[in-house]
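All remarks here apply to the structure that follows.
Computed from the coordinates by the stated procedures, all read-outs in this text should not be read as laboratory data. Just so you know, these numbers come straight off a predicted model, no measurement behind them. Glycine also receives a Cβ, built like all others from the backbone with ideal geometry; neighbour counts cover every protein chain displayed.
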Amino acid sequence: MHMDTRHNSLAAALAPKSVAIIGASDNPDKVGGRPVDYLRRFGYAGNIYPVNPARSVVQGLPCYPDVASLPEAPDLAIVAVAGAAVATTVRACAARGVRTAIILSSGFGETGEDGLQQQAELAQVAARAGMRLVGPNSQGLANFSNGAVANFSTMFTQLASQDGPVAIVSQSGATSAALYTLLRERGVGVRYVLATGNEADTTVSELAQVVTEDPAIKLIVLYMESLQDPEVLAAAAAQARRKGIPIVMLKAGRSASGMAAAQSHTGALVNEDGVVDAFLHRHAIWRVADPASIVNVAELYLKGMRSLGRRLVVVSNSGSSCVMCADMADELGLQLGELASSTRERIKEALASFATSSNPIDLTTALLGNSGALGGVLRALGEDPAGDLYLISLPVAGAGYDLERLAEDTAAFEAATGKTVVVTATLASALAPFRRRGLVTFTSERQAMLALDQASRHFALMHAVLPAAPDGEGIVLPEGAAPFLSEADSLAIAASAGLPVAAYRVCHDVDQALAAWRQLGGAVAVKACSEALPHKSEYGLVFLNANSEDAVRSAFESCRDGMATLGVPWGGVIVARMERGRREFAIGGKTDPVFGPVIMVSDGGKYIEAMPDFCLLVPPFDAAEVRTALSRLRVAPLFAGVRGEPPMDVTALCDAVVAVAAVMQRSGGEIASIDLNPVMVRSEGEGVVIVDALIERQPHAHSVSVSGSARAAKTVEEMKS
């Protein structure tokens, strides 16, 4: 089926002209009865066709004995039958020309290999007929804008529905319902609640792409346990980014236990978590740890942010709140805006003499005797460009406070300045006047500041300019069938890409080795070189600090004889200048089978396995993004130099990482992995130098690389031999 047709069928499933419920029940509390009830309850205006051979009427509607008897081919069919009847029903839907079928039934991929096979057969039947499948093990689809609630969640009867600007797309039905409930309890309207279940066919990514086309959607919330089509999610994210729609994802399966649970839940094939993080960051999808982190920020997302800075101004009638907010701002990396002296003078005029006019601004008890004091402060702040984010904290607000006036002045400030404003108060009742005026409110300062932190970071990420793909000709690997290139060939490719490699010579006899030592000047490393010997140090075929004729001769002969003993093809012996630096790092690249090129930068040295310290990036990226990623390493404080040391050349390290990404991208998928280890980082202005390199060809299912940087994480564990 053409991709546009597949996409259009899913779009039609959210706005179907007709819906069939196979296995329809007269009991609205049963799985087969609830969709019938919901379609009628929520005002669906299309044709509803219950199908059940045992009934002539279901919930007051004419009931049909089978799908073939329907008066038309429905846009959407809900399969609510059990066991072997599912396959029969799917074949019947395919034969009748149904565009999309939702399989509510469970007992497929989540049960193991047999279930996966049955699930795959269902998908094949559907694909041959050009029919889309949602599920199996799906809770269904719901669109509250048109009443097409083809879903059996009980939560839709517990809270009054309200169409709104939020779309929820989830592999898990329970999580989709939980997110719906939490948002509705917060007063946020939700348009779509879509659950994909086992994803035999339709994925979260595809439905995310569909809902981005709805102009009413302002926030997309995703829950995933596995990601099998990153290119589709990337396209959805790009479309959402162009429209200014934030995408927030709860991605489960971070831990080994979580991965195992995901497989038993939806039969998901769980992705390596660090790579997922890097991919989501590249596409400006914000990953959260729990549903509360979505709901807490939802209203800020829906308001949007016209100012993308992170300078915070706090105004409170509690000195302790001012102190705690200052502490938390430091914790979160939010800068307290520096107010102009003229602004502070105007604030003093609006407040009592003992109030604080610097940021955070302590109103003290001024609001009790002067309801206009807050408005005066805010008018002064409105003419000062020092702030982007404003927190109005009123932990003490009740009798004696003119909350309506305070809310009116705060709303006027927000409208006049376009700045992001949140209000906190301990009493929910004290927040009611602010909420009525459309202000975002919280019952704790910590909630508010976490929300400001997340939203400001996310909107900045959405507006960041994506680097262009690298220019230059493709990387062509030397001919050969061996899984790995020799070190010499690997170093040559690195050097051709502009990477700074240590000076070396490939020598085929002792005289050449001695000549190389003399030319390089000083101590050298002598290493066996063969495409069949990627792990030469494990065989004792690396000799360091050779700095005499006898030492170079002995090392060369040991390498030659050792290679002969091992029976590996002769590629000569590398004689390379011994290099030193301030610190060892490792740079690794891998072509992930799902996500494509992934780059790792890791602290190096002998403790790399015991104390992994690394970051992952998905190209394209620039040196500035690498620097930001490196700043999150545990060793980052060392970059600036400690105890009188000069700074390290982080700029050169960042440039090297960008160059490695370019090699991976320009290889056209021919490189399975690349490992540069160690990379010696010198003092600022002195650059970096690559001492060893290893490139693995693609594809070679039997071979894996020995990336030193990969030892820092599971991703790179796959590169080890």
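Could you give the distance between the Cα centres of region 516-535 and region 279-316, to the whole Å?
Comparing the Cα centres of region 516-535 and region 279-316, I get a distance of 52 Å.
Can you give the extra length, in nm with one decimal, that the chain gains between R518 and L308 once fully stretched, where that is 0.36 nm per residue apart less the Cα-Cα distance?
Difference between extended and current length: 69.8 nm.
Using alpha-carbon pairs under 8 Å, 6+ residues apart, how would you state the relative contact order of the chain in percent?
Relative contact order comes out at 8 percent.
Listing S318, S176, S25, S673 from the residue with the fewest other Cβ atoms within 10 Å to the one with the most, what is the order?
Lowest count first: S318, S25, S673, S176.
What size of dipole, in debye to the nearest 20, comes out for the chain about its Cα centre when the only charges are +1 on Lys and Arg C-beta atoms and -1 on Asp and Glu C-beta atoms? Kindly include the intermediate steps, with their values, before the conclusion.
Values: 60 positive and 75 negative charges, 363 e Å.
Using only the charged Cβ atoms, the result is roughly 1740 debye.
Can you show me the helix-derived [θ] at 222 nm for the chain, built from DSSP H runs with n ≥ 4 at -39,500 (n - 2.57) apiece and divided by the number of residues, rounded to the nearest 500. Write out the running numbers ahead of the final one.
Numbers: 24 runs with 271 residues, N = 721.
Roughly -11500 deg cm²/dmol at 222 nm, from the helical runs in the chain.
Calculated FRET efficiency, R580 and A481, Cβ-Cβ r, R0 45 Å, to nearest 0.05?
0.75
What does the extension gain come out to for L332 and S558, with contour length at 0.36 nm per residue minus their alpha carbon separation?
75.7 nm
Given labels modelled 7 Å from the Cα in the Cβ direction, how far is it in nm from N547 to E686?
The answer from the label model is 1.6 nm.
Taking the alpha-carbon centroid of each part, what is the distance from region 204-251 to region 127-142 in angstrom?
19 Å
Can you sort Y504, Y301 from fewest to most other Cβ atoms within 10 Å of each residue's own Cβ?
Y504, Y301
Work through the residues other than V663 whose Cβ is under 15 Å from its Cβ and net out their charges, Lys, Arg +1 and Asp, Glu -1.
Taking every Cβ under 15 Å from that of V663, the sum is -4.
What is the distance, in nm, between label points placed 7 Å from the Cα along the Cα-to-Cβ direction at A428 and at S69?
The modelled label-to-label distance comes out at 5.0 nm.
Looking at the square roots a ≥ b ≥ c of the eigenvalues of the Cα gyration tensor of region 503-577, which shape do they give, rounded for a/c under 1.5, prolate if a/b is larger than b/c, or oblate?
Values: a/c = 1.79, a/b = 1.74, b/c = 1.03.
Note, shape of region 503-577 comes out prolate.
May I ask for the Kirkwood hydrodynamic radius of the chain, worked out over all distinct Cα pairs and given in angstroms to one decimal? Walk me through the numbers on the way to the answer.
Values: mean 1/r = 0.0340 Å⁻¹.
Radius from the Kirkwood sum: 29.4 Å.
What residues have an amide H closer than 5 Å to that of G140, excluding those fewer than 5 places away on the same chain, when H is modeled at 1.01 Å from N in the peptide plane?
Sorted by chain and number, the residues that satisfy this are A195.
What ³J(HN,Hα) values, in whole Hz, does the Karplus curve 6.51 cos²θ - 1.76 cosθ + 1.60 give for region 580-596 when θ = phi - 60°, with x put for Gly and Pro?
Each residue's phi maps through the Karplus curve to give 10, x, 6, 7, 8, 10, 10, 10, x, x, 9, 8, 6, x, 9, 9, x Hz.
Along the positive direction of the dipole of region 3-301 (beta-carbon charges: Lys, Arg +1; Asp, Glu -1; about the Cα centre), which of P136, T88, A45 reaches farthest?
Among P136, T88, A45, the one farthest towards the positive end of the dipole of region 3-301 is A45.
First select every other residue whose beta carbon is under 10 angstrom from the beta carbon of R583; then total the charges, Lys and Arg +1, Asp and Glu -1. Working shown, then result.
On the way: positive: R582, R682; negative: E584, D603.
Neighbour charge sum, excluding R583 itself: 0.
Could you calculate the FRET efficiency of R41 with D471 from 1/(1 + (r/R0)^6), where r is the beta carbon distance between them and R0 is 51 Å, rounded to 0.05?
0.30
Determine the percent antiparallel among the DSSP beta bridges restricted to the chain, to the nearest 5. It would help to have the intermediate numbers written out before the result.
Working: 51 of 106 bridges.
So the antiparallel bridges amount to about 50 percent of the total.
Modelling each spin label as a point 7 Å along the Cα-to-Cβ direction, I'd like the Y539/R437 distance in nm, to one decimal.
Roughly 7.8 nm, to one decimal.
Test of understanding: express the Cα radius of gyration of region 479-540 as a ratio to 2.2 N^0.38 Å, with N the residue count.
Dividing the Cα radius of gyration by 2.2 N^0.38 Å gives 1.21.
What whole-number distance in Å separates the alpha-carbon centres of region 355-394 and region 35-89?
If you average the Cα positions of each part, the centres end up 60 Å apart.
For R697, list long-range residues whose amide hydrogen, built 1.01 Å from N in the peptide plane, is under 5 Å from its own amide hydrogen.
Amide H to amide H, under 5 Å and 5 or more residues apart or across chains, R697 pairs with F484, L485, A672.
Where does region 404-462 land on Rg(C-alpha)/(2.2 N^0.38 Å)?
1.17
Name the long-range amide H neighbours of S393: under 5 Å, sequence gap of 5 or more, or other chain; modelled H, no Pro or chain starts.
Here the answer is V315, S316, N317, T424, since their amide H atoms fall under 5 Å of that of S393.
Through the Karplus equation 6.51 cos²θ - 1.76 cosθ + 1.60, θ set to phi - 60°, convert the phi angles of region 469-480 into ³J(HN,Hα) values in whole Hz; use x for Gly and Pro.
Running phi through 6.51 cos²θ - 1.76 cosθ + 1.60 with θ = phi - 60° gives 4, x, 7, x, 6, x, 7, 10, 7, x, 5, x Hz.
Given a Förster distance of 51 angstrom, what is the FRET efficiency for S444 paired with A503, based on the Cβ-Cβ distance and rounded to 0.05?
Efficiency at R0 = 51 Å is approximately 0.25.
Nearest 20 debye, what's the magnitude of the dipole of region 3-301 about its Cα centre given +1 on Lys and Arg Cβ and -1 on Asp and Glu Cβ?
That gives a dipole near 680 debye.
Could you give the length gained on full extension between E121 and D622, defined as 0.36 nm per residue of separation minus the Cα-Cα distance, in nm?
Extra length available between E121 and D622 comes to 175.9 nm.
Give, rounded to the nearest 20 debye, the magnitude of the charge dipole that region 583-717 has about its Cα centre when Lys and Arg contribute +1 at Cβ and Asp and Glu contribute -1 at Cβ. Could the numbers behind the result be given before it?
Details: 12 positive and 17 negative charges, 46 e Å.
Computed about the Cα centre, the dipole is about 220 debye.
Quick one: M3, M664, fewest Cβ neighbours within 10 Å first, how do they rank?
M3, M664
Report relative contact order for region 340-439 in percent, whole number only (criteria: Cα-Cα under 8 Å, sequence separation at least 6).
26 percent
Kindly identify region 3-301 as rounded, prolate or oblate by the Cα gyration tensor criterion: order the square roots of the eigenvalues as a ≥ b ≥ c, call it rounded if a/c is under 1.5, otherwise compare a/b with b/c, prolate if a/b is larger, else oblate.
Numbers: a/c = 1.72, a/b = 1.36, b/c = 1.27.
Prolate.
Can you give the local net charge around I285? Use residues other than it whose beta-carbon is closer than 11 angstrom to its beta-carbon, Lys and Arg +1, Asp and Glu -1.
Numbers: positive: R241, K251, R282, R287; negative: D277.
Once all neighbours under 11 Å are counted, the net charge is +3.
Choose one of A380, S341, C654: the residue whose Cα lies farthest towards the positive end of the charge dipole of the chain (beta-carbon charges +1 Lys, Arg; -1 Asp, Glu; about the Cα centre).
Positive-most Cα among the choices belongs to A380.
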